[in-house]
């Protein structure tokens, strides 16, 4: 007789803030319809996508540059605006890409302190100096999930040097339901040193296709394009992004479900006894007393088939980030954490 084998739990991946519902049906249909075109070189001008994004955001196509995701936009921003003897500033616990791309480009990166797990714009300003040329601000902040308001951002832009480019990375903007979230396009009208990052990787579900865009004043866009890699957007990414913009019903559905589910997760984790930060995006920040406790919880979740994100590389070795999944996945997270806490 063969020995009994224990059935492994179904894997739940909640480690990279992906849209748990996947790409929109319209985007998938566009990919399938264009699958035979992959032998063709992609369009380097991106006119149709820029026109659609310009209409969506009430700007002109000259205010937009398309790139292979936000990492590519970070790279372009640093190359375009930061000299080798100059620096980048970003908060100490935030998306690791900012620090990483500064390192790749051999530019100094200075880190500002958070206050109560939130970005302190006052501390960001205090960290800047005469050689600071780009400031990266994730809003909502990844991984803590906190949000900078419109008034806070406007006052910050008033105080920041006009010689420093301020990047507002709004990867999770479609998930935000708080009325205080900045109208960055309105702020851009007053401050030509503002650059807004947006992405198709999150709510649009196209993370694997690598496509995003920046909105800025035309002269800033021109400078960014000088550092852009031609042919970096492939044909399937391009048609998928165009189709995804038409699927407003799908985006609204994903945002609505996420808003409900993130509060269920937030409230239940607090009820169980975890220290969590009220979320504004599609993920929950869970802080522990020690790195050892964080590692223990992370490992026990893995044993149950649930993958979350340790935040050591983000600058916080005593916390986990848990992406908001489908309702049934979130319930499994809650039940697993209840068992672990017993």
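Among residues of the stretch 105-122 that are in the same structural domain as residue 90 (by TED's automatic domain parsing), those with a Cβ under 9 angstrom from a residue that is in a strand (DSSP E or B) and surrounded by fewer than 18 Cβ atoms within 10 Å (Cβ to Cβ), sequence gap 6+ or separate chain, pair up as 117/287; 122/115. Candidates in the stretch 165-187 are the residues that are in contact (Cβ under 8 Å) with a residue 60 or more places away in the chain and surrounded by 22 or more Cβ atoms within 10 Å (Cβ to Cβ); of these, the one that is nearest to residue 136 (Cα to Cα) is 167.
Being touching a residue at least 24 places away in the same chain (Cβ under 8 Å) and outside the structural domain of residue 197 (by TED's automatic domain parsing) narrows it down to one of 17, 57, so name that one.
Values: 57 fails: outside the structural domain of residue 197 (by TED's automatic domain parsing).
After ruling out the rest, the residue left standing is 17.
Have a look at 190, 168, 159 and point out the one that is farther than 26 Å from residue 107 by Cα and in contact with a helix residue (DSSP H, G or I) (Cβ under 9 Å, 6 or more places away or on another chain). The match here is 190. Whether a residue is farther than 30 Å from residue 118 by Cα and either surrounded by fewer than 19 Cβ atoms within 10 Å (Cβ to Cβ) or outside the structural domain of residue 323 (by TED's automatic domain parsing) (or both) was assessed, and residue 39 passes this test. If the condition is being closer than 19 Å to residue 312 by Cβ and more than 17 Å from the chain's Cα centre (by Cα), then the stretch 98-111 contributes 102, 103, 109, 111. Scanning the stretch 21-37 for residues that are at pLDDT 95 or above and outside any helix (DSSP H, G or I), we see that the one that is farthest from the chain's Cα centre (by Cα) is 34.
Kindly evaluate residue 125 against the criterion of being touching a helix residue (DSSP H, G or I) at 6+ places or on another chain (Cβ under 8 Å) and free of Cβ contacts under 8 Å to residues at least 60 places away in the same chain. Yes, satisfied. For the stretch 315-342, a tally of residues being surrounded by 22 or more Cβ atoms within 10 Å (Cβ to Cβ) and assigned to a helix (DSSP H, G or I) returns 3.
Each residue in the stretch 214-242 was checked for being without any contact (Cβ under 8 Å) to a residue 60 or more places away in the chain, surrounded by fewer than 17 Cβ atoms within 10 Å (Cβ to Cβ) and in contact with a helix residue (DSSP H, G or I) (Cβ under 9 Å, 6 or more places away or on another chain), and 1 pass.
Residue 48 meets all of the listed conditions (1) in a loop (DSSP other than H, G, I, E, B); (2) at pLDDT 95 or above; (3) surrounded by fewer than 16 Cβ atoms within 10 Å (Cβ to Cβ); (4) assigned by TED's automatic domain parsing to the domain that holds residue 205 but one, namely (1). Of the numbered criteria (1) touching a residue at least 12 places away in the same chain (Cβ under 8 Å); (2) within 22 Å of residue 95 (Cβ to Cβ), the one residue 245 fails is (2). Here the stretch 77-97 is the region considered, the condition is being closer than 14 Å to residue 166 by Cα and more than 16 Å from the chain's Cα centre (by Cα), and the residue that is surrounded by the most Cβ atoms within 10 Å (Cβ to Cβ) is 88.
The values are calculated or read from the model by the stated rules, or taken from the named source; none is laboratory data. Here the structure is a predicted model, which is why all the values come from computation and not from measurement. Note: ideal-geometry Cβ built from the backbone for every residue, glycine included; neighbour counts use all protein chains shown.
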